[in-house]
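Please read the structure below before turning to the comments.
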Amino acid sequence: MTTCIDRRREFAAIRDRLKQPSSLSLIYGQRRVGKSFLVRTAFEGGAGKRLCFQADESATGALLSRFVWEAEAAGLLPPGVRPPDWSTALTLVSQQAALNGEPTWLLLDEFQYLVDADPSLPSVVQRVVDQLAQRSRLHLILCGSALGTMRALGDSSQPLHGRFDLQLKLLPFTYREVQEFVPTWSKPDALRAFGIFGGLARHLAMIDPSTSLERNIVTRLLDPLAALAEAPVDQLRAERIGSRRDADAVLEAIALGENQFGLIAARTGLTEQQLDVTLRELVELEMVRKERRYGDGPGARFVRYRPSDPFTGFWFRLVRSSRALSFASGPELAYAERVGPRLPDHMGHVFEVVVRDALLAGRAGFVPDELAAYWSRDGRTEIDWVVRSGSRVLLVECKWREQGPVGLDALRQLRDHASRFPHGSGAELCLASATGFTPEVETMASLGEVLLIGPDVLFGG
């Protein structure tokens, strides 16, 4: 059986539903996060008939014809039947499942395209499930990447409300899970793998763990013929978004460090309305993360925007700007002159995400009630993460070093910024490092002056 890296809980949930007499499941998540692979893997080794139908943006008649042909080939429909609509087709599939006397597993992948082509389809599925599925041992999985559309299928106003036996949003991998893709690499290189390839399963699956990180960057990203050479652009083409050109410009601006609305507008040249629409779409697609300052209310306008996935930031910041050199002189030179020297700065931003994930997972010894960055309007004060747990407040400084421990200079810098932090006195100080700390900093920690998040916390069991 194919292995699902660190999707054990999700895999078990799907298999448990497939053991029931019948089931209806909803699985959704970002494009390339690994939804289809997970379901197809869950289908392996089971008894019964199965079909994984991949929808696209074709017209409803073309989609229905292809579904009927594939369903007949898989034994889900009797030979020669040509149902005129989706209601008839799914009813016949359910009836055929009853006649077969064995489980029938049907995945309708990219279900949002089917709904676009025939908006009545959720009602059709509801009718089939209510009337026939339980008697026919039909297991139906609706899967898709249009997050808003798929999530809304379970809303109280929708026909399928209350019908799902499983609703599962598949999330990108965290830095700790990425280690399983590169089990022989050092922990710092595993962090770099996360910072470069991100958390989307399809991108991580491209890594060759038998060779070096540098070689993977050269062959998987910088080579103009590499599989991931144009991945973010390809992803934008596949998304349902108003203006792909505007989205491309906004993603590039954010990756280059323009993280506030006015700065993004200045770099892209978009009007306020164009930028507002594009940012909303990118946030909805979970390609961009909108960050609120610690202490600000939900409706605050003084916000920042970051790439949701490190791969997006890396590509728009370092890969795209290196393409001309890769074409002219080869990807090896592009890495040596353009990418390698700038990688530590990129990893500094990524390490903040790593520490955030560790804090949210409770690896610092407590579970946060609130976690957000803080920055002042005048730019003099910036705290990577402010963590509140009950009455306890922690100010966290994240320090990425290519090698060598973090020293007292980082603690002095954190103290300086903490002295201007306006939300509560008595906050504790915390330093985070993937390469450890100097003896002087460890002494300060033993005296209770600072909490340390080091490799043992980030990577411990």
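All of the numbers you see were taken from the coordinates with simple rules; none came from a lab. From a predicted model like this one, the values you see are computed outputs, not experimental measurements. In this analysis, Cβ positions are derived from the backbone assuming ideal geometry, glycine residues included, and neighbour counts consider all displayed protein chains.
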Dipole check, the range 362-459, charges on Cβ (K,R +1; D,E -1), about Cα centroid: among 439, 375, 414 the Cα furthest to the positive pole belongs to 375
Let me spell out the model: positive unit charges on the Cβ of Lys and Arg, negative unit charges on the Cβ of Asp and Glu, origin at the Cα centre of the range 8-170. What dipole size does that give, in debye rounded to 20?
580 debye
To the nearest 20 Debye, how big is the dipole of the chain about its Cα centre, given +1 on the beta carbon of each Lys and Arg and -1 on that of each Asp and Glu?
600 debye
Go through the range 375-387 residue by residue and turn each phi into a ³J(HN,Hα) via Karplus (6.51, -1.76, 1.60, θ = phi - 60°); whole Hz please, and just put x for glycine and proline.
8, 8, 5, 7, x, 7, 10, 8, 10, 4, 9, 10, 10
Take each of the peptides 351-359, 386-394, average the number of other beta-carbon atoms within 10 Å over its residues, and list them starting from the highest.
351-359, 386-394
Only helices counted: for the chain, with every DSSP H run of 4 or more residues adding -39500 (n - 2.57) and the sum spread over all residues, [θ] at 222 nm is -11500 deg cm²/dmol
Cα-based reach from residue 399 at 18 Å (exclusive), listing lysines while leaving out same-chain residues under 8 positions away:
187
List the lysines whose alpha-carbon lies under 24 Å from that of residue 35, not counting same-chain residues fewer than 8 positions away?
19, 49, 169
Report the one residue of 430, 389, 79 whose Cα lies farthest in the direction of the positive end of the charge dipole of the chain (charges on C-beta: Lys and Arg +1, Asp and Glu -1; origin at the Cα centre).
79
In what sequence, highest mean first, do 149-157, 190-198 appear when ranked by Cβ atoms within 10 angstrom?
190-198, 149-157
